[in-house]
Structure formats: C-alpha cells, structure tokens
Amino acid sequence: MQTEPRRAIRTEAGRLTLRTCLAVLLGLAPGILSVNASAQEPAAGAGAPVFEPVTWERLVNAADEPHNWLMYNGTLDSRRFSRLDQVDTANVADLELKWAYTIRQLDRTETTPLVVDGVMFITESPSNLTAVDATDGRPYWRYEHPLPDDLRICCGRNNRGVAILGETLYMSTLDAHLVAIDARSGSVVWDSEVADYRNGYSKTAAPLIVKDRVVTGIAGGEFGIRGFLDAYDAENGDRAWRTYTIPGPDHPDNRTWSGDSWRTGGSPTWITGSYDPELDLIYWGTGNPGPDYGGDVRMGDNLYADSVLALDGDTGDMAWYFQFTPHDVHDWDAIQIPVLADIEFEGEPRRAMLWANRNAFYYTLDRETGEFLLGKPFALQTWAEGLDGSGRPIRRPGTAPSLEGTVVAPTAGGATNWWSPAYSPRTGLLYVNAFDGEGRFFVRDEQYEAGERYTGGGVQAPQPMDNYQSAIRAIDPATGDVRWEFPMKPRARSGVLATAGGLVFAATVDGYFFALDAASGEELWRIPLGGAVNANPMTYAVGGAQYVTMAVGNTVYTFGLHE
C-alpha cells in the first residue's frame with residue numbers, strides 16, 4: 001500500500017552559546033567545539049544540501065570514495081574498513097571534538113550515519129531522519145514519520161540507518177513501512193507498507209541497495225511472525241520479490257518444522273546484509289525460530305532460522321544456505337553482518353564469508369558455494385562439544401531450557417550481536433565485539449496469539465552482567481584463532497571500525513570511545529562521553545580533513561585532529 005507524500009519538518013538550528021561550558025565539561029580546550037541542537041529555531045540561509053547523485057556505480061565502487069560513507073556498512077562487502085589514513089597510530093591521541101548533534105528523542109540511539117559529499121544523514125529514534133552539514137552539524141532538514149500508538153516491538157524504539165540511491169534516501173520504520181525520502185528536501189517520495197505492524201511486524205534496519213532495488217528485512221521474531229526478505233523498486237516502491245525465510249508446505253525443507261509451527265516460526269531478517277556484485281548474490285542473516293525457548297512445539301532443525309541465506313540479486317531465489325544453530329532454543333539469532341573478504345585458506349585463494357556468530361562460534365564459509373571451511377569458539381560457550389565436519393554443532397546434553405532454569409553460555413544476548421564487526425585487508429584480521437557471559441534459560445507453556453509476544457520461556461542472568469567480560473577480539477579468518485584481545489568492563493554494545501591508519505575504533509556501554517592499534521590491540525586514545533553506547537562508529541573526510549563519528553546517548557559526536 002502506498003500513501004500520499006508527507007511534508008518534511010525543516011529545522012536548521014543555530015549554534016548553542018554554551019560551547020565553552022560543554023568543552024570544559026568534556027575536558028577540551030574552549031573554542032574547538034561546535035554544537036547544534038535540533039530543537040532550536042532554524043538558522044537563516046542554510047539552504048538545501050549539495051551533493052552529486054549516488055549512482056549504482058558509485059555504490060559498487062564505494063571503497064574508492066573513502067571520504068564518503070555511502071551505505072550502512074561502508075561498502076557492499078560490509079568490511080567497515082576505511083582507506084582514510086590521515087588519523088593514524090602516531091597522531092590519534094590528538095583527536096578532539098569538533099561538533100555534536102543532539103537528537104530530540106531520548107530513546108536508544110543505534111544510528112550509523114551516511115555521508116555523501118559533505119552531507120550527513122542521521123536516523124533518529126523512533127523513525128525520523130535528519131540531514132546535517134558534515135563539517136559542523138548544522139541541520140538542513142528533518143523528517144518525522146508518524147507512528148501509531150499500539151506498536152508491537154521487541155527491543156526498543158530505534159532506527160539504525162538509511163540507504164541512498166540517486167537523490168533518494170530509503171528508511172525502514174517501526175510500523176513496518178519502507179519510506180523513500182528526497183535527500184535534498186526531506187519530502188516523502190513514496191511510502192510502502194511492508195507488513196501489518198498489528199501482527200507483530202516491525203522494521204529497524206538500514207536497507208541495502210542492489211542495482212535499482214531496495215532490499216529490506218523484517219523484525220518481529222518474538223511475535224510469531226513468518227520472516228521474509230523483500231526487494232522494492234527504488235523508483236516507485238513496488239515490491240519486486242519476496243523470499244520467505246521459512247519454507248512453505250510445498251517445499252521439502254518445510255519438514256524441518258513439526259506440524260503447522262512454520263506459520264508462526266519467526267526467522268526474521270532484522271539487520272542489514274551484504275552483496276557480491278561479481279557473483280550477483282545477496283547475503284542475509286536470519287533470526288531465531290519462534291517461540292524462542294519453547295522448542296518442543298516446533299521439533300526439527302527449523303530451516304531457515306539462525307542461518308545465512310545467499311539469494312540471487314535479481315529474483316531473490318536461494319542459491320544456498322548455511323544454518324549455524326539448528327533447532328535453536330536459546331535465542332541466538334544469526335543476524336550478524338556477513339563480512340565478505342578474499343583470503344588465502346590452506347594455501348588456496350578463497351572468496352570467503354567471515355562470521356562471528358551469536359552462538360559463540362566463529363565461522364569461515366566459501367561465499368560462492370556456502371561450503372563450511374572452519375569454525376572455532378571465539379567466546380565463552382558451554383552448549384556444544386564443537387562442530388562436526390559440515391559445521392553442525394555437537395550439542396552437549398542437558399543444555400536446553402527447563403522449568404527450573406538451565407545455565408548456559410552464551411546468554412540470550414549472545415557472544416556478539418547485531419553490532420558490526422570490521423575487517424582490515426591491511427592486517428588480514430576480523431575485529432569483533434565479543435562477550436563472555438551466561439544465562440539461566442527457562443521454558444514455559446505458551447499459546448500463540450496474533451500481535452502478542454510468543455517466546456515460550458525466558459532468560460535471567462545468574463549473576464550481575466558486569467561480572468562478565470566484553471572484549472574486542474581480533475580473529476584470523478584463515479585459522480579461527482584469536483590473535484589479540486582488548487578486555488572491557490562493563491560490557492560493550494558497540495560496533496567496530498577499522499581504518500588504513502592502522503586503527504580500530506569502538507566504545508564501551510558507559511560511554512568511553514576509544515582507538516586501538518589494529519596490529520596489537522594496544523589502546524592509543526580514549527574519551528569519556530557520559531552516555532550509553534548502542535551504535536557503530538564511522539569515518540569520513542571533508543576538505544581534506546578526516547573525521548570520526550560515534551553516537552553516544554542521544555548525541556552524535558564527531559572528532560577530528562587538532563588544527
């Protein structure tokens with residue numbers, strides 16, 4: 001369903017006069033800070049943002065434009081690696097705050113901004129979008145998506161990012177719409193309803209552009225949905241194809257779902273995937289089967305939940321799949337970002353996919369065929385003896401949820417989660433935010449009711465989460481070995497960024513933003529920003545100056561070198 005376009009709300013804020021006070025609070029020298037608050041009155045003369053249209057060719061070759069950040073994961077291969085090297089191991093300690101943009105809503109901020117030719121696009125909670133000047137944070141326009149009062153959402157009123165093609169931005173919304181927004185004015189071009197939010201469907205992830213289509217997933221695995229992945233015509237919002245992530249009764253893999261459990265089996269697609277232009281394959285992770293913990297009502301492997309799917313870029317037809325956790329009863333969604341890299345494996349070049357999974361195992365797969373190449377634990381796990389030759393887990397008995405509660409590692413939040421890893425071709429290492437924790441898993445009888453939570457149990461922490469350890473871990477994809485780790489307490493929920501300057505950026509949940517040496521893991525710089533971190537860092541350049549951006553609390557902070 002399409003609706004009439006809505007007008008954008010324009011807010012072009014002036015600068016706060018308290019810049020010196022804020023600089024002092026942050027321990028910075030007065031005069032270096034430019035702060036903008038979107039709640040202020042518009043500043044005169046801001047005008048419309050100026051940038052070159054983003055063609056499909058530009059997106060395919062995004063790595064050649066390191067001054068821009070043209071998609072959620074930076075490039076189609078989702079490496080989150082930037083070729084920018086102005087900020088490096090020798091001078092990163094000179095980073096200072098250049099400007100900050102305050103988001104009006106106090107909901108959890110999970111955005112990764114895009115930057116196109118000096119214009120930054122920031123998604124805001126719950127389903128809003130702002131364009132700002134990437135040199136000082138001055139807003140050009142702001143779009144607010146109206147939402148119903150009776151949303152069915154699992155895990156917060158958030159939005160992680162947008163996609164761009166030509167002069168149009170594409171954004172998911174919590175009421176399960178896909179909206180196309182004019183990037184110059186903030187006006188709505190089209191608005192397509194993807195699914196009925198009243199049945200538990202929602203959308204939070206950044207879409208992915210593939211040629212002239214917008215590929216987008218769905219959330220709602222805790223509400224008994226049937227997951228799918230869609231592609232929409234970028235010009236008019238018409239749906240081009242839909243691939244269900246649970247096979248119907250006419251497919252032989254439907255036998256992996258007992259009875260009619262496939263109808264409410266979850267398997268959502270709630271984070272952004274990757275794309276290989278040479279193979280014309282879209283790679284997308286799928287979430288938990290439903291109900292999350294009550295596996296007895298859905299006996300079988302439950303394909304294609306907790307899997308990565310390789311789909312034809314034109315038709316959505318499945319080329320192959322790999323299931324990480326058959327018959328998952330611990331809520332270990334496989335919605336991590338598929339990282340695509342060409343590596344040498346056992347003396348031969350491989351088109352590989354690198355995947356640190358929520359179930360605490362790291363995997364290297366052949367991304368052309370789906371062949372399992374290796375798998376090793378990268379975090380604390382107590383549920384499996386290991387993986388067999390095909391990558392299937394060898395479960396330990398007595399680890400399923402129970403009425404009295406069963407303690408298993410990792411916890412339901414996983415050994416990692418949706419926050420993005422990064423891969424550096426300079427070091428050949430994959431950098432992952434890992435967590436060594438455990439949970440006490442319970443099971444209970446529960447009946448499905450449309451639009452209501454359907455989990456079949458729950459999980460509790462057997463001890464305070466801060467007793468456990470997070471760490472940035474550097475994994476060798478050719479061996480699965482952890483080369484180094486940087487421990488963090490309390491736990492972290494941020495993604496990772498790697499750069500050609502030999503750096504890895506990440507943050508702790510309590511607001512410490514830091515940079516590590518990509519080769520050794522040594523900490524080289526940190527700054528306390530005083531807010532919760534639930535986002536991914538990114539980097540860009542304008543006028544020859546490199547910037548690094550991180551969302552902390554409800555503020556987007558941007559840093560650069562001291563001039």
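Worth pointing out:
- Here Asp333 meets each of (1) surrounded by 19 or more Cβ atoms within 10 Å (Cβ to Cβ); (2) of a type in the set (D, E, K, R); (3) more than 19 Å from Ser307 (Cβ to Cβ) with one exception, condition (3).
- Counting only residues that are crowded, with 24+ Cβ neighbours inside 10 Å, of a type in the set (Ser, Thr, Tyr) and farther than 25 Å from Trp418 by Cβ, the stretch 58-102 holds 0 of them.
- Looking across the stretch 142-163, the residues that are buried (at least 24 other Cβ atoms within 10 Å of the Cβ) and among the hydrophobic types (A, V, I, L, M, F, W, C) come down to Val162, Ala163.
- Hits in the stretch 196-238 - residues which are within 15 Å of Arg263 (Cα to Cα) and assigned to a loop (DSSP other than H, G, I, E, B): Gly200, Tyr201, Gly220, Gly224, Ile225, Gly227
- Residue selected from the stretch 165-176 under the condition assigned to a strand (DSSP E or B) and surrounded by fewer than 24 Cβ atoms within 10 Å (Cβ to Cβ), by the criterion nearest to the chain's Cα centre (by Cα): Thr168
- Residues considered: Ser38, Ser34. Of these, the only one that is crowded, with 17+ Cβ neighbours inside 10 Å, under 17 Å from Tyr557 (Cα atoms), over 26 Å from the mean Cα position of the chain (by Cα) and modelled with pLDDT under 50 is Ser34.
- Selection within the stretch 143-172 - at pLDDT 95 or above and on the phi > 0 side of the Ramachandran plot: Gly161, Gly166
- Looking only at the stretch 437-476, and only at residues there that are touching a helix residue (DSSP H, G or I) at 6+ places or on another chain (Cβ under 7 Å) and aromatic (Phe, Trp, Tyr), the one that is nearest to Trp355 (Cα to Cα): Tyr454
- Boolean, Arg80 is of a type in the set (Lys, Arg), closer than 22 Å to Ala163 by Cβ and modelled with pLDDT under 95: no
- Test: residue in the stretch 458-471 that is within 24 Å of Thr286 (Cα to Cα) and among the acidic types (Asp, Glu): no
- The listed residue being at pLDDT 95 or above and either within 23 Å of the chain's Cα centre (by Cα) or closer than 19 Å to Asp253 by Cβ (or both), out of Ala384, Ala319: Ala319
- Taken together, Thr130, Thr123 contain a single residue that is under 15 Å from Asn554 (Cα atoms), surrounded by 19 or more Cβ atoms within 10 Å (Cβ to Cβ) and either more than 16 Å from the chain's Cα centre (by Cα) or of a type in the set (D, E, K, R) (or both), which is Thr130.
- Strands (runs of 3 or more DSSP E) completely within the stretch 398-475 that count 2 or more residues being touching a residue at least 60 places away in the same chain (Cβ under 8 Å): 422-424, 429-436, 439-443, 457-460, 469-475
- Within the stretch 452-491, the set of residues being within 24 Å of Val87 (Cα to Cα) and of a type in the set (A, V, I, L, M, F, W, C) comprises Ala471, Ile472, Ala474, Ile475, Trp484, Phe486, Met488.
- Among the residues of the stretch 177-192, the ones that are among the small types (Gly, Ala, Ser) and outside any loop (DSSP other than H, G, I, E, B) come to 2 in all.
- The conditions of being modelled with pLDDT of 95 or more and over 23 Å from Val443 (Cα atoms) are not met by Tyr304.
- Selection status of Tyr143, over 21 Å from the mean Cα position of the chain (by Cα) and touching a residue at least 24 places away in the same chain (Cβ under 8 Å): yes
- Sole exception among (1) in contact with a helix residue (DSSP H, G or I) (Cβ under 8 Å, 6 or more places away or on another chain); (2) closer than 14 Å to Leu95 by Cβ; (3) free of Cβ contacts under 8 Å to residues at least 40 places away in the same chain for Pro490, by number: (2)
- Entry remark, the stretch 469-521: residues being modelled with pLDDT of 95 or more, farther than 25 Å from Asn68 by Cα, among the small types (Gly, Ala, Ser) and surrounded by 21 or more Cβ atoms within 10 Å (Cβ to Cβ) number 2 in total.
- Options Glu385, Glu346: the member that is at positive phi and either touching a Phe, Trp or Tyr at 6+ places or on another chain (Cβ under 6 Å) or surrounded by fewer than 23 Cβ atoms within 10 Å (Cβ to Cβ) (or both): Glu346
- Residue match in the stretch 362-369 (condition: touching a Pro at 6+ places or on another chain (Cβ under 6 Å), at pLDDT 95 or above, buried (at least 16 other Cβ atoms within 10 Å of the Cβ) and of a type outside the set (A, V, I, L, M, F, W, C)): yes
- Residue match in the stretch 322-334 (condition: under 30 Å from Ala63 (Cβ atoms), among the aromatic types (Phe, Trp, Tyr) and at pLDDT 95 or above): yes
- Number of positions in the stretch 313-335 that are in a loop (DSSP other than H, G, I, E, B), closer than 18 Å to Ser78 by Cβ and either touching a strand residue (DSSP E or B) at 6+ places or on another chain (Cβ under 6 Å) or acidic (Asp, Glu) (or both): 4
The values are calculated or read from the model by the stated rules, or taken from the named source; none is laboratory data. Keep in mind that this is a model prediction, so the values were computed, not measured. Neighbour counts are summed over all protein chains in view; Cβ atoms, including those assigned to glycine, are modelled from backbone coordinates with ideal geometry.
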